[in-house]
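The values are calculated or read from the model by the stated rules, or taken from the named source; none is laboratory data. All values derive from a computational prediction rather than experimental measurement. Counting neighbours? That spans all protein chains shown, and the Cβs are built from the backbone with ideal geometry, glycine included. Surface accessibility is based on the protein's heavy atoms, side chains included, excluding ligands, DNA and RNA. Shrake-Rupley method; radii C 1.70, N 1.55, O 1.52, S 1.80 Å.
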Amino acid sequence: MASFRMDCVLEWDGILSDPMTLTVNVIPDGPDHRGAGSFAMPTRFIGTAMRCEAPVRAIAHDGSGFDLTVHRFDMTTGIAYFRTLGALPVEGRRSA
């Protein structure tokens, strides 16, 4: 399975994370690609994670991005597990 890394911020329900590097495992899906992965949940997102069903937006420094949905949050480790929504912008991204 291929993967790529993206320097980005996450935007969730109007709240921005600190800059981070997100690693996305790419899953080929016909002409498009989808992905999955995990990240350390920023503390400021914890309340949002408990009450919000809106997607998270990963925004790269060049302004490109994609939406993802957190399908599981491990409160013990602070890790959020996600799946992407829609096609991924994989061209020009650095491999993980």
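Among residues of segment 16-57 being among the small types (Gly, Ala, Ser) and in a loop (DSSP other than H, G, I, E, B), the one that is modelled with the highest pLDDT is Ser17. Scanning segment 1-15 for residues that are modelled with pLDDT of 90 or more and of a type in the set (Val, Ile, Thr) returns a single hit, Val9.
Tally up the residues in segment 1-15 that are among the acidic types (Asp, Glu) and assigned to a loop (DSSP other than H, G, I, E, B), please.
Start the filter on segment 1-15 by keeping residues that are among the acidic types (Asp, Glu), which leaves 7, 11, 13.
When the remaining residues are screened for being assigned to a loop (DSSP other than H, G, I, E, B), the result is 13.
So the count comes out to 1.
Number of residues in segment 70-83 that are in contact (Cβ under 8 Å) with a residue 12 or more places away in the chain, part of a strand (DSSP E or B) and open to solvent by less than 50 Å² (accessible area, probe 1.4 Å): the value is 5. Taken together, Phe45, Phe39 contain a single residue that is over 13 Å from Trp12 (Cα atoms), out of contact with any His (no Cβ under 8 Å at 6 or more places or on another chain) and open to solvent by less than 20 Å² (accessible area, probe 1.4 Å), which is Phe39.
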